[in-house]
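Note sheet for the following structure.
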Amino acid sequence: MRIEADRDRCDGLGMCEAMAPDFFEVGADGTVAVLDEHPGEEHRQDVAAAVDACPVLALKLRE
């Protein structure tokens, strides 16, 4: 799986970082950085929940 982030759409609310801090970080510029684009299968549930929690739909999880 692969995490994709649309930094133009990101509002920097930090829901993703709060839910999966090993994979997402909101930087000083107020947009998300993906820390690991290819998380292991064992992290699917946490990463998927963080992606789903994004209120502006800036994150996607691809297979």
Exercise. Enumerate the whole-percent occupancy of each 10 Å bin, from 0 to the last occupied one, for all C-alpha pair distances of segment 1-59.
Key: 27, 61, 11, 0
Quiz item: Non-local amide H neighbours of VAL26 (under 5 Å, H modeled in plane, Pro and chain starts lacking H): which ones?
Solution: ALA33
Quiz item: Using Cα atoms only, what is the angle between the long axis of helix 44-53 and the major principal axis of the chain, expressed in degrees (0 to 90) to the nearest 10?
Solution: 30 degrees
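If packing is taken as the mean number of other Cβ atoms within 10 Å per residue, what is the order of 48-59, 28-39, highest first?
48-59, 28-39
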Exercise. Would you please state which residues of segment 1-38 a label at GLN45 would reach in this model, taking the label point 7 Å out along Cα→Cβ and a backbone N cut-off of under 15 Å?
Key: 20
Quiz item: So how do GLU4, GLU63 rank on accessible area, 1.4 Å probe, biggest first, that is with the largest at the start?
Solution: GLU63, GLU4
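The values are calculated or read from the model by the stated rules, or taken from the named source; none is laboratory data. The shown structure was predicted, so the numbers you read here are calculated from the model rather than taken from an experiment. With ideal geometry, Cβ positions are generated from the backbone for all residues, glycine too; neighbour counts draw on all protein chains shown. For accessibility, only protein heavy atoms count, side chains too; no ligands or nucleic acids. Shrake-Rupley method; radii C 1.70, N 1.55, O 1.52, S 1.80 Å.
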